[in-house]
Every structure is written in structure tokens, then in C-alpha cells.
Amino acid sequence: MKNFGLAGIFFLIIISQPSAQVFISSPSFPSAETEALGGPHAALANGIQTLFQNPAGFKASEPELAVSELTFGASGPIFDILNLIFQSSDPLTEMVNSGILNGINAGMDIVGPIYFGYVGEGLGFGFFMKTGLSLQNSAPLVIKASVAEDLLLIGGYSFRVFLEKTETHLLDIGISLKGAFRGETVIEKSFLELFSLSFGTDLIMAEPFDFTSSIGFDLGFRYQWSDVLAVGLVAEDLYSPALISSYGSLQNFISGTTPTTERAIIPLSLNIGVLWSPRLGYLDRYISDFKVLLDYEDILDFVVAPSTATNPILHLGIGTELTLLEILDLRAGFYQGLFSAGFGVDLTWFSLQMAMYGREASTDPGLNPQFNLRVGLEFSY
């Protein structure tokens, strides 16, 4: 009866998500490891990244303490833009004349250097920071630039249920509470206005500024059979209300001017995943670990948030990882209809991670694919 009661409460939370609501996206702190593996995986318990995937994995994960991280990410023709900025005497004119700004959807971000957390023995917590810049051609001959800063505080706990006397069948249940803050300035100008702009801190201070705060929690389950198979189910943002405070300018925010406010919600994302880690026999002396992952995320998006629902193919994630001599990780994946690949070098106190991957910027596969690169230096033990 208790199981039916919990299932009933869970179902009521799902259907009670208001349909006529302002939806905002959940804060993300991408890593090169996750992106190379074809996105997040609900059954994977892999240290600090478990904080962003499934709180039930806190129990199964090897203990890891992250001290700092510096991960750089770029999407779209960001390197072509940087090349024009550094090599041209008049980069703005070059960008307009070359047509690189027409239909552009590019961005870059830095995760860290504030990146502190711990996962292990059923406990998980952390404090993270990300700075991002994005460029979009929002309308014909109009460019929109967004500069944002994200902060995330998260903490949770998981416990284990033995389904039999032996440790062959294990069930972990976890919950995490998180609070997020986001400050964002959006600058939207026509191509002609760009030439009359004076670039600098004064420009950012004079543009509209939004401050978004949210609080919510995740609930996760993870079943494990021996060391071979695991199945994960996680309800991300089971209930995550948010408040958007809009200011006429960043200067108004700093001076404490009363903003206009709007309530919003981060829609629930129900994700399920499977992990298979076969025994390799005599190859174990060379291959430390091998795993294959299959996930389907945001199962109920057409019910919870139909206005932002996407093609089912974009919800599918496949990944594989091969660890050689406990030092070199080779990864490949398939996510949102696009391939990904990368590697990691673990040098005990710090590791180097790299990923090249594609992401779909539209609601259907193949309409607006983007090339992405992510390189990270992680300090943990």
C-alpha cells in the first residue's frame, strides 16, 4: 500500500504541473565527460557528475571531492568570430560584410573556477559557477547577445535497500535539493545600430537585466544487478518554482530599484536509463572498465510542457566508455540525432577532458545542427 501511495503522490505532482505557465530551462553545468558520452545518463554513478544526473547514484558512486574546475565550451562559428576580432582592424564591419552574423546561433561559456563538491557514501553536495555568452540572429538584420552568470547550490542524500540477503540485487533511492540564481543581460540591436555602439562596461550597465532565482528538488531511483547491469529513473525538477525579477538596466539592479516580477516554473523532466558493464575476462588487465549506456530523457514533455516538446528522437541518448590502464578514457555517443566523441586523461590530482559533439537547436532532428567543442581541466581526488 505504501508503494501505491508514493506512486499516487508522484502522479499527482506530474499532472498538477500548470499548463498555462511561464516555463524556463533548468540551469546546466555541462562537462566534457558528459557531452562525449551522449548527454546525461540516469543509471551512471560517476562522481561529481552524479549531482547533475541522478541523486540515487550518490550511494553507488566512488567517493570524489572536486576542488575546482575550468571548462571552456564553444558552439557554432565562435572560432571564426574570434579570428576576425583578433586579426581584423575593423572586425565588426568584416563580420557584417562576410554574412557570418546572418542566421547565427553561437555561444561560449566557462564552467568554474568556482566548482566545489563531494559525492560518495550516500552523500552529495556542491556549489558551482558558470559564465556564458550567446549570439543569435533573432530577426532579419537583428543580432541578440546574451551575457549570463549562473550559480547553483545543491545537496542530497541516497540510501540503499537490499532486495535479498545477498548484495546481488540493490535498490538505491535518493533526493536532492537545489537552489539556483541567474543574472542575465540581453542586448538586441540591428546591424546598423552595431556601428554606432560604444562597446564596454557602460553598454552592459545600460541594457535590461533579469535576475532569476529558483528552488527545487530531484527524486531518483537506481536498481543494480551485480556489477553488470543498472537501471536508473530520475524525476528532475519534480517541483521547481522560480521568480524572474526584471530591471530596466543592470545599474537599476545594483542601485536596488524595485523590479517587475513574474512567476515561472522549471518543467519536470522524467528520465530513464540503462547501464551495461560486461565482464571482460583476461582483458581486465588492460581494460579497467567498459560500459554501454542507453537513455531516454524527458519522457513526459508532451504532457508537462507541450509548448516546448520536441521530436522523440531528440530524447534518445547512447554512450560508451572504455578505460585503459585506469588512466585513459575513450568515449563516444549519440544524442539528439548527432554523434559525439572525446577522451579523458586521469592524472590522480587533476584530469584533462575533451569532447567534440553535435546538438540540435530546433525541435526536429537535422533542421539546425550545431558543432560544439568542450575542453576541461578538473582538479579532484
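The values are calculated or read from the model by the stated rules, or taken from the named source; none is laboratory data. Quick caveat, the model's predicted, so the values are computed rather than measured. Because the Cβ atoms are built from the backbone with ideal geometry, glycine has one as well, and the counts that use them run over all protein chains shown. Surface accessibility is based on the protein's heavy atoms, side chains included, excluding ligands, DNA and RNA. Shrake-Rupley method; radii C 1.70, N 1.55, O 1.52, S 1.80 Å.
Key figures
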{"item": "Computed Rg/Rh of the range 188-314, alpha carbon atoms with Kirkwood Rh", "result": "1.21"}
{"item": "Around LYS59: net Lys/Arg minus Asp/Glu count, Cβ-Cβ under 13 Å", "result": "-2"}
{"item": "Accessible surface of VAL274 - all protein chains present, 1.4 Å probe, nearest 10 Å²", "result": "60 Å²"}
{"item": "Dipole of the range 141-261, positive end: most advanced residue of LEU153, ILE175, VAL186 [Cβ charges, Cα centre]", "result": "ILE175"}
{"item": "Separation of alpha-carbon centers, the range 37-51 and the range 270-293, rounded to whole Å", "result": "14 Å"}
{"item": "Proximal lysines relative to LYS178, as straight alpha-carbon distance under 26 Å, when same-chain residues fewer than 8 apart are discounted", "result": "LYS59, LYS130"}
{"item": "Loop GluC sites (Glu not before Pro), the range 141-175 (other Cβ atoms within 10 Å of the site Cβ: 15 or fewer; DSSP)", "result": "GLU164, GLU167"}
{"item": "Whole-percent carbon and sulfur share, accessible surface of the chain, 1.4 Å", "result": "66 percent"}
{"item": "Efficiency of FRET between ILE254 and ASN105 - r from beta-carbon atoms, R0 35 angstrom, step 0.05", "result": "0.70"}
{"item": "Charge context of ASP109, other residues only, Cβ under 15 angstrom, K/R +1, D/E -1", "result": "-1"}
{"item": "Net charge of Cβ neighbours under 11 Å - reference ALA32; Lys, Arg +1; Asp, Glu -1", "result": "-3"}
{"item": "Label point 7 Å beyond Cα of LEU133 along Cβ direction - residues of the range 203-239 with amide nitrogen under 19 Å", "result": "203-210"}
{"item": "Exposure ranking of ASP289, ASP329 by accessible area [1.4 Å probe, largest first]", "result": "ASP289, ASP329"}
{"item": "Kyte-Doolittle mean at least 1.0 and Cα axial length at least 15 Å: DSSP H helices in the chain", "result": "2-15"}
{"item": "Under 5 Å, built H, 5+ apart or other chain: amide partners of GLN336", "result": "LEU316"}
{"item": "Options PHE379, LEU163, GLY281, ranked by Cα towards positive dipole end of the chain, top entry (Cβ charges)", "result": "LEU163"}
{"item": "Net dipole in debye of the chain [+1 Lys, Arg Cβ; -1 Asp, Glu Cβ; about Cα centre; nearest 20]", "result": "640 debye"}
{"item": "Using a Förster distance of 30 Å, the FRET efficiency for LEU280-LEU352 (Cβ separation, nearest 0.05)", "result": "0.75"}
{"item": "VAL22 paired with LEU163, simple spin-label distance in nm, labels 7 Å along Cα-to-beta-carbon", "result": "4.4 nm"}
{"item": "Restricting the range 254-311 to trypsin sites (Lys or Arg not before Pro) in coil, as DSSP defines it, with at most 13 other Cβ within 10 Å", "result": "ARG279"}
{"item": "Spatial extent of the range 108-242: Rg and Dmax, with the Cα atoms as the point set, Å", "result": "21.7, 74"}
